[in-house]
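Written below as structure tokens is the structure these notes are about.
The values are calculated or read from the model by the stated rules, or taken from the named source; none is laboratory data. In this text the structure is predicted, and so the values were computed from the model without any measurement. All Cβ positions, glycine included, derive from the backbone under ideal geometry; neighbour counts span all protein chains shown.
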Amino acid sequence: MATAATTRQASTGGKKSRLEVIDCDIHNIIPSNETLYKYLPERWRRHHQQFGLRGHLGGYYPRALMNAARHDAWPPSGLPAGSDLEFMREQLLDAYDIRYGILNCLYGAGGQLNLEYGAALARATNDWQIAEWLEPEPRLRASIIVPYEDGDLAAEEIDRVGDHPGFVQVLLLVRTNEPLGRPKYRKIYRAALRHNLPVGIHFGGAGAGPITGAGWPSHYIEDHGGMPQAFQAQVISLVCEGVFEQLPSLKVALIEGGFAWMAPLMWRLDHGWRKLSEEIPALRLPPSTTIRKHFWFTTQPMEEPPQPRYFRQLLEQLDADDRMMFATDYPHWDFDSPESAVPSGLSRELRKKIMSENARSLYGLD
Amino acid sequence: MVRESGNEAQRPFWSGRPVIDCDLHNEVPSLEVLRPYLADHWCDYIEESAFRGPDADDYPKGAPTTIRPGLEWEGEVEGQLALMRRQVLDPLQVEFGVLDCAYRVQGVHDPELAGALASAINRWQAEHWLDRDPRLRASIVAPTQSPVLAAREIDRWGADARFVQAVMPVRSLIPYGNRIYDPIYEAAARHDLVVGIQFGGSPGHPPTPSGWLSTYLEEYAAMAQVFQSQVTSLIVEGVFDRFPDLRVSLIEAGCTWMPSLMWRLDKEWRGLRRDIPWVKRPPSDYIRRHIRLTLQPVDAPPSGKQLLEVIGQLDSDEMLMFATDHPHWHFDRLEEAFPAGLSDSLARRVLADNARSFYRL
């Protein structure tokens, strides 16, 4: 621990005011079924043993590395990467002096076809997060896991744990059965608002169809690189279905979806909205106006245009200085380091917003 | 490359410059017009089953994006062609106009019927469009869901120089990088044809990775992402490595999203190239070499300066090809069909030179 901290000091040249870091995307992993059983009632423990997880099959692409984790993120304890709090402290929280980290647990509760089972898994996951992550580590906050294909069950879980101070967001995955603007998901947003929580949409999941609108591709890189398309579809749906006109205080964080595609999408949506306004007369505001007001982004995987000036143009076009939030995606292979991920050439003020202030304000952290 | 130039605004963009329009729509008004080209078997089948055409609705009949409001839509060829001449070919003094017929035989599950319809459409295009106006070029409609039959159809027209590309809808059953499509690319290579990927299609699965969208506006906006998936697939699955001379046009795809896709794919490739060792160069390099975009709809930002920035971010003056997308509604006056502020040399490339060399016109 001390070694890492010392190395870090040296690498920043001893500057007196290092920017504070809030990491908006950390993955905590349930290490084993034995851990899960501690939090599952007998009925669902038996179900889990006998039948196990059942989601949409046929969309599996072996990921570049086991569990998509960095080689060096496997703890000496022998537990899976991302499941050992002590090692996460050492390798991430202490090493980079992270003020707050937001946990996004990706255990598959939300994608279960058996919705009641999914709800039980979500409850177990959230109770595990409280007991084994939030209580022992004051720097961590977490996202509420919900069975998002059932609005009632999801809202029930949000109401159950939504006032726990450790939970700062409701988590959905970007690949849902239907686009998130569809009415069935509205109850989730209302529940989030009851507890003054933003809704996070994270990379991943398995929808009811292929990862592309053109069918199933062949390689992991197409699945991984296809997620930004899924994010774009969700933005289109949420905006065009009038979710924000109905729920004007709703805030949505797009996590691990990239952001370079957003400005062109705003332009395309505005163009379509002007031409096709007769189809959705209730949509009063230009989509770009709604997007600027309601969507936040995390930075990882950082966009990397070949020219620094393209990055500056991109930020200006996006107009999201107050809505961009740093994230590492620890312990995954495409980890972004707090020390080097944000391109140089940004003002100190903007870096400060990206590294901590925007997240502090969205998630209500002190 | 992109430069503001002073007296650009005074004269219309086409004045003194050759124009090639890479996206004009010729619509099959009804199955009736195809009957003369269909075998008796299919005529009987259509009659008895009350088949009315592919299960597709890429361009809802009355939507403003399909046909600009206030236009009299005259369905028969004479009417369509007269309108096209009056609104585009004559005023812009178009040297060549490329027809992109969007009749979706690819959405017909029976490959034999799809093939018969495609053949009929191409004969109809040749007789009723190409024979009538020497400025026109056309796209071969082919049952691309059945690549062997599609290749046969491409071979049928390969010797007719007026057919300059084979067209496929962007929404496919499986992505176009997959090897099952190789017969199509082999046929395109045999005849030195462009493969065009066009807005729309109805393969039966949802248009997004997260299901079916409620409205046409959403589906319209989301079509850009399907193009992004196809570009990814073509490169990643090695089509341009197997067919190093293949040229692919993206038709009616929008174009401002392309720089962001290049950056993302290059980054994905740096991280995951081990999985796809046949992809030797950064994906953006393949894109600039093999892929072109038709101009309309531009999906332009509100500021002209930002549009010039985005065009600059393509890092290529060869990728854009002028198109009006007639009769779809993307601009109100012809003057607005082309971005202001391009340097003269870039404007000339976009208006004609890029298409001339890409389509070998």
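Observations, loosely collected:
- Extreme residue, farthest from B:Pro54 (Cα to Cα), among residues of region B:145-180 that are within 14 Å of chain A (Cβ to nearest Cβ) and in contact with a Leu (Cβ under 9 Å, 6 or more places away or on another chain): B:Gly177
- So B:Ser172, is it more than 15 Å from the chain's Cα centre (by Cα) and either modelled with pLDDT of 95 or more or under 30 Å from B:Asp133 (Cβ atoms) (or both): no
- Criterion (assigned to a helix (DSSP H, G or I) and among the aliphatic types (A, V, I, L, M)) met by exactly one of A:Leu283, A:Leu346, A:Leu314, A:Leu254: A:Leu314
- When B:Val98 is tested against (1) part of a helix (DSSP H, G or I); (2) crowded, with 23+ Cβ neighbours inside 10 Å; (3) aliphatic (A, V, I, L, M), exactly one condition is not met: (1).
- Screening the candidates B:Leu293, B:Leu342 for the property of being within 17 Å of the chain's Cα centre (by Cα) and either at pLDDT 95 or above or in a loop (DSSP other than H, G, I, E, B) (or both) yields one hit, B:Leu293.
- Screening region B:297-336 for residues that are over 27 Å from A:Pro306 (Cβ atoms) and within 14 Å of another protein chain (Cβ to nearest Cβ) and picking the one that is surrounded by the fewest Cβ atoms within 10 Å (Cβ to Cβ) gives B:Asp332.
- Taken over region B:189-218, the criterion of being in a helix (DSSP H, G or I) and surrounded by fewer than 24 Cβ atoms within 10 Å (Cβ to Cβ) is satisfied by B:Ala189, B:Arg190, B:Tyr216.
- Where B:Phe240 falls short, out of the listed (1) in contact with a His (Cβ under 7 Å, 6 or more places away or on another chain); (2) facing chain A (nearest Cβ under 7 Å): (2)
- A:Thr328 meets all of the listed conditions (1) closer than 30 Å to B:Glu219 by Cβ; (2) in a loop (DSSP other than H, G, I, E, B); (3) of a type in the set (Val, Ile, Thr) but one, namely (1).
- Selection of first residues in region A:179-191 that are within 13 Å of chain B (Cβ to nearest Cβ) and within 24 Å of B:Glu219 (Cα to Cα) and of second residues that are charged (D, E, K, R) and surrounded by fewer than 24 Cβ atoms within 10 Å (Cβ to Cβ), restricted to Cβ pairs under 8 Å at least 6 apart or on distinct chains, gives the following pairs, ordered by first then second residue: A:Lys184/A:Glu149; A:Lys184/A:Glu178; A:Tyr185/A:Glu178.
- When A:Lys251, A:Lys275 are checked against the criterion of being facing chain B (nearest Cβ under 7 Å) and either in contact with a Pro (Cβ under 6 Å, 6 or more places away or on another chain) or of a type in the set (Phe, Trp, Tyr) (or both), A:Lys275 stands alone in meeting it.
- Filter pass, B:Val226 being outside any loop (DSSP other than H, G, I, E, B), within 14 Å of the chain's Cα centre (by Cα), touching a residue at least 40 places away in the same chain (Cβ under 8 Å) and more than 12 Å from chain A (Cβ to nearest Cβ): no
- Output for region A:192-237, where each listed residue is of a type in the set (D, E, K, R) and within 11 Å of another protein chain (Cβ to nearest Cβ): A:Glu222, A:Asp223
- Condition check for A:Glu157: without any contact (Cβ under 8 Å) to a residue 40 or more places away in the chain, within 14 Å of chain B (Cβ to nearest Cβ), over 19 Å from A:Asp366 (Cβ atoms) and not β-branched (Val, Ile, Thr): no
- Residue match in region A:242-253 (condition: surrounded by fewer than 24 Cβ atoms within 10 Å (Cβ to Cβ), touching a His at 6+ places or on another chain (Cβ under 7 Å) and in contact (Cβ under 8 Å) with a residue 60 or more places away in the chain): yes
- Here A:Pro305 meets the list (1) more than 14 Å from chain B (Cβ to nearest Cβ); (2) touching a residue at least 40 places away in the same chain (Cβ under 8 Å) almost entirely, failing just condition (1).
- Test: residue in region B:55-66 that is β-branched (Val, Ile, Thr), in contact with a helix residue (DSSP H, G or I) (Cβ under 9 Å, 6 or more places away or on another chain), within 14 Å of chain A (Cβ to nearest Cβ) and under 19 Å from B:Asp100 (Cβ atoms): yes
- Of the residues making up region A:284-302, those that are buried (at least 20 other Cβ atoms within 10 Å of the Cβ), touching a Phe, Trp or Tyr at 6+ places or on another chain (Cβ under 7 Å) and not polar (S, T, N, Q) are A:Pro287, A:His294, A:Phe297.
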